[in-house]
Amino acid sequence: GKHRIVIPCLGHFKEEYEKVSKLYMNNNIRTTRYTLLNFLPLNLFEQFHRVANLYFLFLVVLNWVPLVEAFQKEITMLPLLGVLTIIAMKDGLEDYSRYKMDKQINNLVTKVYSR
């Protein structure tokens, strides 16, 4: 397999480095956008930054007003729900593939040489 080689140049600062390094986060790579808890709110927030999605949302809200109602309320929600679902599935699959790649990179064998 592939290996990473890390050569620290700590010298006589090794004890100080070990004490200070506990205060900082590890060096794991994380390129994912979402977690399981924030996927739905963040994804919806990003999707409603698109003008087309806001337009469809406006039509759905407008159709709930009895004086302006042109179609059945459920029918106007279908295009918006379809688009939101497809884009959320695409974003979720992309983020999951990023997660798998990050996990693969973070689990590479690393050799550390010290003097």
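The values are calculated or read from the model by the stated rules, or taken from the named source; none is laboratory data. Nothing here was measured: the structure is a model prediction, and the numbers come from that model. Glycine also receives a Cβ, built like all others from the backbone with ideal geometry; neighbour counts cover every protein chain displayed. Heads up: the accessible areas ignore ligands, DNA and RNA and are worked out on the full protein's heavy atoms, side chains in. Shrake-Rupley method; radii C 1.70, N 1.55, O 1.52, S 1.80 Å.
Past 20 Å, Cα to Cα: identify those pairs from K22/K103; K2/K100; K14/K103, in the order given. Violating the 20 Å Cα-Cα cut-off are K22/K103; K14/K103.
GNM remark for the chain: springs join alpha carbons under 10 Å apart, and the peak mean-square fluctuation among E74, E18, E94 falls on E18. Extension gain, E18-R33: 0.36 nm per intervening residue step, less the Cα-Cα distance, totals 2.3 nm.
Neighbours of R33, meaning other residues whose beta-carbon lies under 15 angstrom from its beta-carbon, give a summed charge of -1 when Lys and Arg score +1 and Asp and Glu score -1. Over the chain, Cα pairs under 8 Å with separation of 6+ residues give a relative contact order of 55 percent. Annotation: per residue accessible area for the chain equals 87 Å², rounded to a whole number [probe 1.4 Å, protein chains only].
Could you identify which residue out of Q47, Q72, Q104 has the top mean-square fluctuation in a GNM of the chain using Cα springs shorter than 10 Å? Maximum fluctuation in the GNM of the chain, among the listed residues, is at Q72. Using a probe radius of 1.4 angstrom, the carbon and sulfur fraction of the accessible surface of region 7-115 is 68%. The calculated FRET efficiency for the pair V109 and H49, based on their C-beta separation and a Förster distance of 35 Å, comes to about 0.25. From the largest down, the chain spans 80, 32, 21 angstrom on the principal axes of its Cα atoms.
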